[in-house]
Amino acid sequence: MFRPNIYQARRKVLMEAMGEGLLLFPGNEESPMNYADNVYHFRQDGSFLYYFGIDRPGYTGIIDAGSGQAWLAGPEMTIDHIVWMGPQPSLAERAAQCGAEQTLPIGEAGAFLQKAQKAGQAVHFLPPYRGEAKLQLSAWLGQPAESLSPSLPLIKAVVAQRAVKGGEEIEEMEKALAISRELHVRAMQVARPGMKEAALAGMVEGIALGAESALAYPPILTVNGQTLHNHYHGTPLQEGQLVLGDFGASAPHTHYASDITRTFPVSKAFSQQQKEVYQIVLDAEESCIAGMKPGIRFVDLHLQAARIITEGLKALGLMKGDTEEAVAAGAHALFFPHGLGHMIGLDVHDMEGLGEEHVGYAGELERSAQFGLKSLRMGRALQPGHVMTVEPGIYFIPELIQKWQADGLHAPFLNYDKINAYLGFGGIRIEDNILVTADGQRVLGPAIPKRIEEVEALRP
């Protein structure tokens, strides 16, 4: 975790934005897999980490925006804890680590909050996303779990603050990206025909664990890259296929995420057909990265990628007609059915649990209902300190192609006869993590090979 003054400064900014009321940040509890003592890997809540930094289950943070005080509520360690877990900091020592002025036994948190409510003090909290958190809030606040009402002012204040990354956060993300580079390079070096996807996925996760890290999200590592979120790893690699690897490490001990995608051939080199499609995706990615700067709307960069993809596919004979008309109609989404990217930080889809409409649109524009464009998580104008993924792709999804063709969809823009020759192609995505600076942008982390000649040079 960071120095105590960093958490104090973050809480001060939030208190000034809110003005009054209690701001409640429940940390996560451990969740059982199949019985109480056999738990899933623990992951702390991102907002609790941001304001209090304690990466242990059973803690809650309370901030009084009026008085300026902060409480860390949690358990006092007993000899039973020490027997199973070793020596542990006391509650007071934990509070000192995050600069909280007060401590509160976790068993007294409900009475503390109810007393404040009876005194007319508002209690603000963020949307809970775990069932046990909803039940805990229900018990503490005396409200039915199904009708809990998260605070919109707190959501907006947290989003505004967490969206702009500080220098200490960028440093952690670059640590994560250094590990991610090793993961992707090793995958490109090791992959062989006949190897199962699972062997690559296990190697990637093992390298991350060996670096005192973990993957920031379940890996997508597949020869069936046309399935956007494909977590199945049971398919053997075969000559002529493409491997799409979407995985990134988190920073050791702080959880700041990275999110990187690379695509490489199972063979020693890309085929000519693969090179042609790959270069279109790379051109779209590099053009959109170059176009990032404060004030530019991310939705406009998404549409820029769509135009580049359309032009490239027209050159290959797969699309036709006027590019602007094709993009406006959404014909390109047959090949590019997702958004250009999303915010990234403590959460790999940063703050998505607070509502994409607040994080990615923030009242600046309406989210489109058009296929493909509706999946754009971030549309609003970029600001210095935003960190974004940029991840265009081209995919040949047989079921989608067959449905659109049967329905006669976008026939003026799509050459279905030629498209059908690509049904077994798979998918290509290329993704990097970008910091928006005062006058432009910077690709974070060490360079991860992505040009055709760089990728082929790593293949055995």
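Tabulated data
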{"read-out": "Helix axis angle, 298-315 relative to the chain longest principal axis, alpha carbon, degrees", "value": "20 degrees"}
{"read-out": "Taking the range 167-458 and dividing mean pair separation by its residue count, relative contact order in percent (alpha carbons under 8 Å, at least six apart)", "value": "23 percent"}
{"read-out": "Loop-located GluC sites (Glu not before Pro) in the range 188-230, at most 12 other Cβ atoms within 10 Å (DSSP)", "value": "Glu212"}
{"read-out": "Length released on extending from Gln8 to Glu276, taking residue separation times 0.36 nm less the Cα-Cα span", "value": "91.3 nm"}
{"read-out": "GluC sites (Glu not before Pro) restricted to the range 230-287 and DSSP loop, no more than 16 other C-beta within 10 Å", "value": "Glu239"}
{"read-out": "Met33, Met1, Met18, Met388 arranged by Cβ crowding within 10 Å, fewest neighbours leading", "value": "Met33, Met1, Met18, Met388"}
{"read-out": "Inter-part distance where the range 245-267 and the range 387-418 are each reduced to a Cα centre, Å", "value": "26 Å"}
{"read-out": "Loop-located chymotrypsin sites (Phe, Trp or Tyr not before Pro) in the range 105-138, at most 16 other Cβ atoms within 10 Å (DSSP)", "value": "Tyr129"}
{"read-out": "Length-normalised contact order of the range 1-157 in % [C-alpha pairs under 8 Å, at least 6 apart]", "value": "24 percent"}
{"read-out": "Distance between the range 298-312 and the range 141-155 - C-alpha centres, whole angstrom", "value": "39 Å"}
{"read-out": "Where labels lie 7 Å past Cα in the beta-carbon direction, separation of Ala36 and Ala411 in nm", "value": "6.6 nm"}
{"read-out": "Modelled FRET efficiency - R0 45 Å, Ile79 with Ala328, Cβ distances, 0.05 increments", "value": "0.10"}
{"read-out": "Mean ellipticity per residue at 222 nm, deg cm²/dmol - from DSSP H runs of n ≥ 4 across the chain, formula -39500 (n - 2.57)", "value": "-11500 deg cm²/dmol"}
{"read-out": "Helix 131-141 axis, angle to the chain major axis (alpha carbon atoms, nearest 10°)", "value": "30 degrees"}
{"read-out": "Cα-based convex hull volume of the range 243-313 per residue, rounded to whole Å³", "value": "118 Å³"}
{"read-out": "Inter-probe distance in nm under a simple model that places probes 7 Å from Cα toward Cβ, at Glu16 and Glu29", "value": "3.7 nm"}
{"read-out": "4 °C / 1.567 mPa s Stokes-Einstein diffusion coefficient of the range 182-247, Kirkwood radius on C-alpha pairs, µm²/s", "value": "109 µm²/s"}
{"read-out": "Potential lengthening between Ala421 and Lys118 on full extension [0.36 nm per residue; Cα-Cα distance subtracted]", "value": "102.2 nm"}
{"read-out": "FRET efficiency, Ile296 to Met1 (Cβ-Cβ, R0 25 Å, nearest 0.05)", "value": "0.15"}
{"read-out": "Debye log10 I(q)/I(0) for the range 357-460, one point scatterer per Cα, at q = 0.11 Å⁻¹", "value": "-0.58"}
{"read-out": "Cα-based convex hull volume of the range 340-404 per residue, rounded to whole Å³", "value": "107 Å³"}
{"read-out": "Rough spin-label spacing in nm, given labels placed 7 Å along Cα→Cβ, for Arg307 and Glu399", "value": "3.4 nm"}
{"read-out": "Eligible lysines near Lys196 by straight Cα distance, threshold 19 Å, same-chain separation 8 or greater", "value": "Lys268"}
{"read-out": "Förster-model FRET efficiency, 22 Å R0, Asn224 and Val190, C-beta, rounded to 0.05", "value": "0.70"}
{"read-out": "With eigenvalues of the C-alpha gyration tensor scaled by 5 and rooted, the chain, Å", "value": "43, 25, 20"}
{"read-out": "Debye intensity ratio I(q)/I(0), log10, the range 403-460, q values 0.20, 0.27 Å⁻¹ (C-alpha model)", "value": "-0.85, -1.17"}
{"read-out": "10 Å-binned pair-distance histogram of the range 4-162 (Cα, whole percent)", "value": "10, 40, 37, 11, 1"}
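Since every read-out is calculated from the coordinates, none of them should be taken as a lab result. Bear in mind that the values here come from a model prediction, so they are computed numbers and not experimental data. No Cβ is skipped: glycine too gets one built from the backbone with ideal geometry, and neighbour counts run over all protein chains shown.
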